[in-house]
1. Given the -39500 (n - 2.57) contribution per DSSP H run of 4+ residues, what per-residue ellipticity at 222 nm results for the chain, rounded to the nearest 500 deg cm²/dmol?
2. With r defined as the distance between the Cβ atoms of residue 145 and residue 86 and R0 fixed at 51 Å, what FRET efficiency is calculated, to the nearest 0.05?
3. Can you sort 19, 218 so the residue with the fewest Cβ neighbours within 10 Å comes first?
4. Would you mind calculating the relative contact order of the chain from Cα pairs under 8 angstrom and at least 6 residues apart, reporting the percent as a whole number?
5. Beta carbons within 10 angstrom, averaged per residue: use that to sort the peptides 147-160, 219-232, highest first.
6. Within the range 20-43, whose backbone N sits under 12 Å from a point 7 Å along Cα→Cβ of residue 56?
7. List the pair-distance distribution P(r) of the chain, using every Cα-Cα distance, as the percent of pairs falling in each 10 Å bin from 0 up to the bin containing the longest distance, rounded to whole percents.
8. Can you tell me the relative contact order of the range 1-88? Whole percent, Cα pairs under 8 Å, sequence separation 6 or more.
Ligand code: DGL
């Protein structure tokens, strides 16, 4: 048993979609959420740059005494998870991968789409997964242009969000895909917009939040580091950006907390 917090890290607000699933599944675990904010978005950056940001973030979380790190960011996972595990071999580090496998196993049309950042879609990790599970499945790769910025500016539900999501997702309706994988943790915040575009087309939207939370549950048991049942969980928020960003981050988390 271990009541130390779990660290969750993302380039910005996106990892809160993972944080939500952790709060649901592990209500007595303390969490420290670190949303970089200063260097966001990561999606168009070089691998070495993203790796350096991720190392700095995990250093910070380790200094705060976390017992496990969840890299709640697909882009940072593809760029840095290997290095993070080399640097902290004794720390359980959970990475995020787009849910290509479950989509490939259940598609009927043999055609799926993965929405993610430019960096994730070009990464070896993504290409390997696609090769492994999508042998006879066509995988359409789509960058959610502007999606991260919309979420970072609290613009979910705005006409601009509706328009940008429509621009990226509408072309998929003609392609016969029956699964859309959300391969970036910011994108679930735009799920209502995506659902409106695909309504009536029999397309399932899949994200990795729940699967990652299940993996965390499994690791806590395996390492015997779950919090005690009567632990009073504490939520903390950190950023490399300014005070105003921190306030917006906390507000977003509070809004999620109210829907749990
Ligand atoms: N939330 C991130 C992801 O899952 C990255 C977004 C970004 O910073 O571009 O890929």
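1. Details: 11 runs with 119 residues, N = 260.
Mean residue ellipticity, 222 nm, calculated: -14000 deg cm²/dmol.
2. Details: r = 33 Å, r/R0 = 0.65.
E between residue 145 and residue 86, to the nearest 0.05, is 0.95.
3. Details: 19 28, 218 11.
Fewest to most other Cβ atoms nearby, the residues stand as 218, 19.
4. Working: 483 pairs, mean separation 76.7, N = 260.
Dividing the mean separation by the residue count of the chain yields 30 percent.
5. On the way: 147-160: 17.6, 219-232: 13.1.
Put in order of decreasing packing, that is 147-160, 219-232.
6. 36-40
7. 7, 32, 37, 20, 4, 0
8. Details: 122 pairs, mean separation 37.1, N = 88.
Value for the range 1-88: 42 percent.
Since every read-out is calculated from the coordinates, none of them should be taken as a lab result. The structure presented is a predicted model; accordingly, all values stated were derived computationally and were not measured. With ideal geometry, Cβ positions are generated from the backbone for all residues, glycine too; neighbour counts draw on all protein chains shown.
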